[in-house]
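Here's the structure, in structure tokens; my notes come after.
The values are calculated or read from the model by the stated rules, or taken from the named source; none is laboratory data. Keep in mind that this is a model prediction, so the values were computed, not measured. In this analysis, Cβ positions are derived from the backbone assuming ideal geometry, glycine residues included, and neighbour counts consider all displayed protein chains.
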Amino acid sequence: MSTVDRLLTIAGKTFDSRLMVGTGKYRTTAEMVGAIRASGTSIVTVALRRIDFDDPASRSVLEDLDWSRYTILPNTAGCATAEEAVRVARMARAMGLSDWVKVEVIPDPRYLLPDPVGTLEACRTMIDEGFTVLPYIGADPVLARRLAEMGAATVMPLASPIGSGQGIVNREAIRIIVEQATVPVVVDAGIGAPSDASLAMELGADACLVNSAIALADDPVLMGEAIGMGVAAGRKAYLAGRIPSKAYASASSPTTGLVGATA
């Protein structure tokens, strides 16, 4: 594997950062804007279903983002069925926001786990209508492969449940998804700290999407910067190639030719 890195490329478009950032849960707009800027992200996701376009305060989520600096990625958060997700995607297109859509179909209100069947159905319809889809899924290697074969631009497996901060619970499944991937793999949901983001990248993920870990930190701006650094460090570690994990010690200094040693 080459140690020379390339830019993240999704559907033919390149990005300077391998971190995607969400816009939910921030205490203030100033914290959101500051954290996004500090993270160094190139892609910002916005949940259209949760914006009240009759309320200026709600609309500001879009109005306060620098559209010349970031790629705005509408998502279908809040949609429980494939039909709802498709409707939101069509709304985003009609508003002139984007043909790119992060697809979320989540009928489970407690654990917020994505519906694999609904996600597959929504992506099939959107791809047929010319959307570029980035589906959020469980860490399911078979589903990830099926979506890539269907024409998804990325697959976005969860590390652990949304907002849980549990980190990389589904490590082995994510490793398999990365191994089999023919499209970029974006680890999404459950990341709680820079070390989690770094581990995801060390496993070979192409990018991470982080929201709660930044937005709910005591200092979102500082955490945004830290998560960005974690993603960058993990990517460098993956390219560098870590040493194998061993069950026994291995001396870092030579054991032959020691001063005072007897033959």
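Note down all Cβ pairs under 8 Å where the first residue falls in the stretch 40-59 and is at positive phi and exposed (fewer than 11 other Cβ atoms within 10 Å of the Cβ), the second is modelled with pLDDT of 70 or more and among the β-branched types (Val, Ile, Thr), and they're at least six residues apart or on different chains. Filtered contacts from the stretch 40-59: no entries. Of all residues in the stretch 7-33, exactly one satisfies the criterion of being basic (Lys, Arg) and touching an Asp or Glu at 6+ places or on another chain (Cβ under 9 Å), namely 18.
Under the condition of being over 13 Å from the mean Cα position of the chain (by Cα) and not in a helix (DSSP H, G or I), the residues counted in the stretch 134-152 number 3. Among the residues that make up the stretch 51-58, is at least one of them at pLDDT below 95 and within 20 Å of the chain's Cα centre (by Cα)? So far as the stretch 51-58 goes, no, none of its residues is at pLDDT below 95 and within 20 Å of the chain's Cα centre (by Cα). It is to be established whether one or more residues within the stretch 155-174 are closer than 27 Å to residue 25 by Cα and in a helix (DSSP H, G or I). Taking every residue of the stretch 155-174 in turn, at least one turns out to be closer than 27 Å to residue 25 by Cα and in a helix (DSSP H, G or I).
Evaluate the stretch 188-197: report whether one residue or more is in a loop (DSSP other than H, G, I, E, B), touching a Gly at 6+ places or on another chain (Cβ under 6 Å) and over 18 Å from residue 142 (Cα atoms). So far as the stretch 188-197 goes, yes, one or more of its residues are in a loop (DSSP other than H, G, I, E, B), touching a Gly at 6+ places or on another chain (Cβ under 6 Å) and over 18 Å from residue 142 (Cα atoms). Please go through the stretch 96-113 and pick out each residue that is assigned to a loop (DSSP other than H, G, I, E, B), within 22 Å of residue 72 (Cα to Cα) and under 19 Å from the mean Cα position of the chain (by Cα). The answer is 98, 99, 104, 105, 106.
For the stretch 161-201, give me each residue that is of a type in the set (D, E, K, R), buried (at least 19 other Cβ atoms within 10 Å of the Cβ) and over 18 Å from residue 9 (Cα atoms). Before you say what the answer is, go through the steps one by one.
Quick first cut of the stretch 161-201, residues of a type in the set (D, E, K, R) only: 171-172, 175, 179, 188, 196.
Next, from what is left, pick out any that are buried (at least 19 other Cβ atoms within 10 Å of the Cβ): 188, 196.
Matches in the stretch 161-201: 196 only.
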